[in-house]
Amino acid sequence: MTPDPAGFRTLADWLDHCERLHPKNIDMGLERVRLVAERMGIRFACPVITVAGTNGKGSTCAMLEAILGESGFRTGVYTSPHLVHFEERLRLQGEAVAVDPLIEAFARVERARCQAPPDVSLTYFEFTTLAILDLMARAKLDVVILEVGLGGRLDAVNIVDADCAVITSVDLDHMEFLGPDRESIGREKAGVMRTGRPVIVSDPVPPQSVLDHALEIGADLWRLGVDFNFSGDKQQWAWSGRGRRYAGLAYPALRGANQLLNASGVLAALTAMREQLPVTAQAVRNGLALVALPGRFQIVPGEPTLVLDVAHNAHAAAALAVNLDAMGFFPTTHAVFGAMADKDLAPMFERLNPIIDRWYFTDLPLARAEKAAQLQSRWQAGNSRKDTAAQAFADPVSALRAAVDAADPADRIVVFGSFHTVGGVLKDGVPRLSARHMNP
């Protein structure tokens, strides 16, 4: 029996309902979600930029949003997953959506889903994506920015034809759904391209499958190192590409060496879209200076220093290792880490083990998360250091508390892995650390 939409009073009720609708957490395909979208009449009357890639999608979306917002455009951004609150997934003009409009949109999805028998079975991601797309379509926006959840070709956001697509990076992740190698994964991500429309590829060494698909369908390919490029020194950086150049730029407010790759892709996308979405050089400068995104190599001052990063695959872990190394010397680095069971952990541990001296593995509140004890066992299997140690904890807050208790003020604590790991320590706000050694 189909639940009465009026019976769900809270956002938590609706999200619980979404969790139970479909037998699979992920079910690749667009037929079901497209059918419900057509019933709802979801249409966009403004340019749409879709962002795909293994890593760097959230940062790219945030930089696009900041620069376009500084140019006076009414922006809507859909990203996933969220860190703490579901409402974070939709930002309208830079602010998280309110709960009441979300509840109303969920009810509209439910009515459309049950409009004709049999009811359309939607996954959690598909149902919530439709609600967010519906809200964006009603919001009288000037530009819509959509982050792909997984892959590209069969991701729910791909029911929307992008005016510009960005592919940030292609690396090994979600291989059970996307394929065993970069070429297979690249082919899936290339599915966000559209004939005759720009696609920005900011991966320095993209899979051939991405380039081939652009040629095959006649997309307007913008490739890093060919159609646009960047350079920089310790003080500033510059970008050039297809008739436009920006010089003397301050580095993006988002930290990390990899952010220049993301920022370069952003400037290429804005250059490709300059007729529909003209931005000034000052808006670019202001947007890059003001952009903020929690959990992306986020450094929280304190004693000890706290670093938050949603590095949850080998590619992101390698970038995190480089960024941590560039921070300088810390006597001891403590790490709180939790991850999903399907992650390829060995290369992550290999990259970070030389930097991390104390590990605090944590359980996460998801059935598909790896248990802390198992994470510790998998780490130990590849650990060759004699001067390191590890413990297991029931939740991220307990793990962080233990790290703070063990740390000296001059140390560093890194919280990384799944969004649920970083979100777990942010649920009551950003922690401001004070090591016990400082307390009277």
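Here's the yes/no breakdown for (1) under 21 Å from the mean Cα position of the chain (by Cα); (2) not small (Gly, Ala, Ser):
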{"site": "Pro118", "(1), (2)": "no, yes"}
{"site": "Leu130", "(1), (2)": "yes, yes"}
{"site": "Asp142", "(1), (2)": "no, yes"}
{"site": "Gly149", "(1), (2)": "yes, no"}
{"site": "Val192", "(1), (2)": "yes, yes"}
{"site": "Val199", "(1), (2)": "yes, yes"}
{"site": "Pro204", "(1), (2)": "yes, yes"}
{"site": "His213", "(1), (2)": "no, yes"}
Evaluate segment 95-109: report whether one residue or more is assigned by TED's automatic domain parsing to the domain that holds Ala66, in contact with a strand residue (DSSP E or B) (Cβ under 8 Å, 6 or more places away or on another chain) and surrounded by fewer than 20 Cβ atoms within 10 Å (Cβ to Cβ).
yes
Regarding segment 58-77, can at least one residue be identified that is among the small types (Gly, Ala, Ser) and modelled with pLDDT under 95?
yes
Every residue from segment 309-318 that is at pLDDT 90 or above, within 15 Å of Leu254 (Cβ to Cβ) and outside any loop (DSSP other than H, G, I, E, B)
Asp309
Regarding Leu224, is this residue within 28 Å of Pro101 (Cβ to Cβ), buried (at least 20 other Cβ atoms within 10 Å of the Cβ) and at pLDDT 90 or above?
no
Determine, yes or no, whether Leu306 is crowded, with 20+ Cβ neighbours inside 10 Å and outside any loop (DSSP other than H, G, I, E, B).
yes
Please report, ordered by residue number, the strands (runs of 3 or more DSSP E) entirely within segment 121-238 with at least 1 residues that are closer than 28 Å to Glu110 by Cβ.
143-147
Return the pairs, sorted by first residue and then second, in which the second residue is of a type in the set (Ser, Thr, Tyr), the first residue lies in segment 193-216 and is closer than 20 Å to Leu267 by Cα, the beta carbons are less than 6 Å apart, and the residues are 6+ apart or on different chains.
Ser202/Thr168; Ser202/Ser264; Asp203/Ser169
Give all pairs with beta carbons closer than 8 Å in which a residue from segment 332-359 that is outside the structural domain of Val414 (by TED's automatic domain parsing) meets a residue that is surrounded by 18 or more Cβ atoms within 10 Å (Cβ to Cβ); count only pairs at least 6 apart in sequence or on separate chains.
none
For segment 369-390, state whether one or more residues are assigned by TED's automatic domain parsing to the domain that holds Phe329, among the hydrophobic types (A, V, I, L, M, F, W, C) and part of a loop (DSSP other than H, G, I, E, B).
no
Filter pass, Thr421 being in contact with a helix residue (DSSP H, G or I) (Cβ under 8 Å, 6 or more places away or on another chain) and either surrounded by fewer than 20 Cβ atoms within 10 Å (Cβ to Cβ) or β-branched (Val, Ile, Thr) (or both)
yes
Take Ala253 and tell me if it is of a type outside the set (Phe, Trp, Tyr), touching a residue at least 12 places away in the same chain (Cβ under 8 Å) and not assigned by TED's automatic domain parsing to the domain that holds Met63.
no
Just one of the numbered conditions (1) closer than 21 Å to Thr54 by Cβ; (2) small (Gly, Ala, Ser); (3) in contact with a strand residue (DSSP E or B) (Cβ under 8 Å, 6 or more places away or on another chain); (4) crowded, with 19+ Cβ neighbours inside 10 Å is not true of Ala341; which one?
(4)
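The values are calculated or read from the model by the stated rules, or taken from the named source; none is laboratory data. Predicted model, so just to flag it, every value in this text is computed and none were measured. Glycine also receives a Cβ, built like all others from the backbone with ideal geometry; neighbour counts cover every protein chain displayed.
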